[in-house]
Structure formats: structure tokens, C-alpha cells
Amino acid sequence: MTRIGVIGGGIAGSSVAVELADAGIEVLLFEKSGEIGGQIKEFGCKATDICTRCNLCLVDSVFNQVRRDKSIKTKNNHKVIDAYKEDGLFTLYCDTDKREEIYTNIDKIVLATGYRRWSELETGTPEIFDDKRIIWSGEFEEMLFKREDHLQKKDLDLDLDFEPESALFIQCNGSRSPQEKAAYCSRVCCGYNYRIARVLRESFPEMELGIFFIDIQEAGFLTDLSFQRLNDEGIDYYNCKPLRINKAAGKIEIAYEDQQEGKMAIAKTDLLVLSEGIHPGLENELWSKLFNLQLTDDGFLEEIVPGSESDVYLAGTISGPGDIATTISKSKAVANQIIYQEKEVVV
Ligand code: SF4
Ligand code: SF4
């Protein structure tokens, strides 16, 4: 029986595992932490009076099926540290919380170890580190997570020890900037911060809100997201990247270039929320070495050409930024590629 090793138990690896298991293929799912779910398990529903289709609803059923399906053997606390291929079969070495374990006779490998947040990098924006008025979007996700989700939500409880009357968002942190080692667009942060701003607008109708955008990148539900729409929803926008953040007493001051007026201006806020770009995972270099894969200039793994004989596949943000829906659909496509090849072998 064919045996597939999926490395990474986030939404990409889990989506691959479920699709393969549905086709009767045995899956070993290696997760280095104590539970499947990856970073997404800390995200929260961003519904307001309506569902804003952040697609988080899609993930629970995937993780539940992984937990239920007997064809998926989940190995939590298993960090893959070495691998080799002999006679067409892989052997994986794992560090576990007790000892090293070895898994043999694996036909194919799917790498799905995801990304790192910008805030996890040492080079991350330093303004944040010593000021409680400045938070990452990821910290905001934790506040959203505490609401009951899926449209039965409670009002948002801002888990802060002050009561902000204004909030500003700055986009593109750790993205679209060669100095931040990421010249690319992270593709998800326009959407999630806009949704967070809407939740704030609903929970705190009097709060002053604004977003600094370079431009707006969002597909799906928010295809009609526009500066006009922000205006209509009472969210100010600043079409630039700020020049400087000044942690003044009282309000935080953000210096920017007012392009319409052609001069420097200052925006003031009680709370500053910084988006977080998607950065390559720490293990990418190890996978590149172990499985002879190319890294892109940005440090993601180069997409593997379908039909390659490496028997290694990539799923999710290991090969570049992507949102939840795209990650799930591309991961299913990877699984179906494997299923199709297996059928060809049987015929
Ligand atoms: S998690 Fe909330 S906002 Fe996101 S899709 Fe589900 S109901 Fe909609
Ligand atoms: S998705 Fe938006 S905020 Fe994120 S990097 Fe792209 S343009 Fe910037």
C-alpha cells in the first residue's frame, strides 16, 4: 500500500492528508508541535453584521477529519531532522519529546511547514518592542479568537490595559521592501487588517480609524475593496507608507507624506496595529539540502515541476504567500496529483 509522509500539520499539510486519506492512501502526518492546526488555530472570526468571508470557517472540518480518519497517522511532537532515499523509498528521522524515531518505506513526501511571521524575525520592526500602544496584527487575532466565532460572536473585548479612542493600521510591514528582506507582497495582510478595522468599527462606533496602504491587494470577497469603500465605512486611508513613528506621550505620532498636499503631515493615534508579512519558514534550507530543492531569492522553496521524479511535493506557504482558500485548494490539487499518479501506476 502506498504510504505518503506529510511534514507539517497546518492547514496545507492537513488538507493534503485528508484528500489522500479519502482516496484510500495511508498518510503519516508529522507535526513538530504538540497538536495539528499550525498558526491558523490562533486566528479569529472577523464577521461583523455579516460574514466577511475570511474563510477561517473552512479549516475546522479539515482538522476534525484529520483527528477522525484512521488512514491518517498523526505524529505530534515529531520534528523531522534528516531524510534519505534508497531504492525509491524514503526514510525519515524524527526528534520526538522522548527519543529519535525512524520511519521507513515512505513512497512520497509532501512538505508543508508553512511560514514565519515578520514579528518572529530578529529584524522585525523595533518600534513595537517596548510600547503597549503598538501591537502586531497577530496579537489582534488573539483577541478575535476569544470571541465566540462564526457569527455567534460576542462583542470584541480589547484585551488592553487602556481604552483607545483611535486606532491606525500600517500595512506592508515586512513586505514590499528589500531592506526588510521581502520585496514581494504578502497577499493576505490588506484583507485581514481591513476586516479587523471593520470589527473595531462595529464594536466601537465612535472610534477613529485609519489605514496606511501602499495599495490594496485582495481577491475574493473583497474584490470591491477600494478607497471609496473605506471612506463610506468611515475608515480614513493614507495612500503611502509612513516615514516615521514617534512614540510621543499621549498619542503615537506617525509622520507621512501627504501626497495631495505635497507636504509632510502627522497622524495621531492611541493604538497602532502593524500588519505582519509572510516570511519563509526556518526549515526551508534544511528541506532544500535534504531533498535537493531550489530556494527562491526570497528563501521560499521553488515550485516543483509536475511530473518531476523527485517524489517530493510542496503544499501551502512553503513556496510563497497565500490566503486560506488558496492554500486549501492548492493543497488539494497537490494531493490529487499524487492520487492520479498512483492510479497510473496501478493501471
Ligand atoms: S470565520 Fe467568521 S468571518 Fe470568517 S468566514 Fe467564518 S463566519 Fe465568516
Ligand atoms: S497584502 Fe497589502 S499589506 Fe500585505 S504586503 Fe501586500 S499590499 Fe502590503
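The values are calculated or read from the model by the stated rules, or taken from the named source; none is laboratory data. Please read all numbers here as calculations on a predicted model, not as lab measurements. Virtual Cβ from ideal backbone geometry, glycine too; neighbours counted across all protein chains shown.
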Matching strands (runs of 3 or more DSSP E) fully within region 11-109 where at least 3 residues are aliphatic (A, V, I, L, M), in contact with a Gly (Cβ under 9 Å, 6 or more places away or on another chain) and assigned by TED's automatic domain parsing to the domain that holds VAL334
26-30
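From the residues in region 201-215 that are in a loop (DSSP other than H, G, I, E, B) and closer than 16 Å to LEU156 by Cβ, which one is farthest from ligand 1 (Cβ to nearest atom)? Reasoning before the result, please.
Going through region 201-215, the residues in a loop (DSSP other than H, G, I, E, B) turn out to be 204-207, 213-215.
Those left that are additionally closer than 16 Å to LEU156 by Cβ: 204-207.
Values: PHE204: 18, PRO205: 19, GLU206: 23, MET207: 20 Å.
Taking the candidates together, the pick is GLU206.
Out of ILE40, ILE36, ILE7, ILE11, report the one residue that is over 18 Å from ASN336 (Cβ atoms), within 16 Å of ligand 1 (Cβ to nearest atom) and among the aliphatic types (A, V, I, L, M). Please lay out each step first, then the result.
Details: ILE36 fails: within 16 Å of ligand 1 (Cβ to nearest atom); ILE7 fails: within 16 Å of ligand 1 (Cβ to nearest atom); ILE11 fails: over 18 Å from ASN336 (Cβ atoms).
None of the others qualify; the one that does is ILE40.
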Give me the strands (runs of 3 or more DSSP E) completely within region 257-347, filtered to those with at least 2 residues that are over 22 Å from the mean Cα position of the chain (by Cα), ordered by residue number.
263-269
Output the number of residues of region 167-187 satisfying the condition of being assigned to a strand (DSSP E or B) and over 18 Å from TYR256 (Cβ atoms).
1
Filter region 183-194 for residues that are more than 8 Å from ligand 2 (Cβ to nearest atom) and buried (at least 22 other Cβ atoms within 10 Å of the Cβ); the one that is nearest to the chain's Cα centre (by Cα) is TYR192
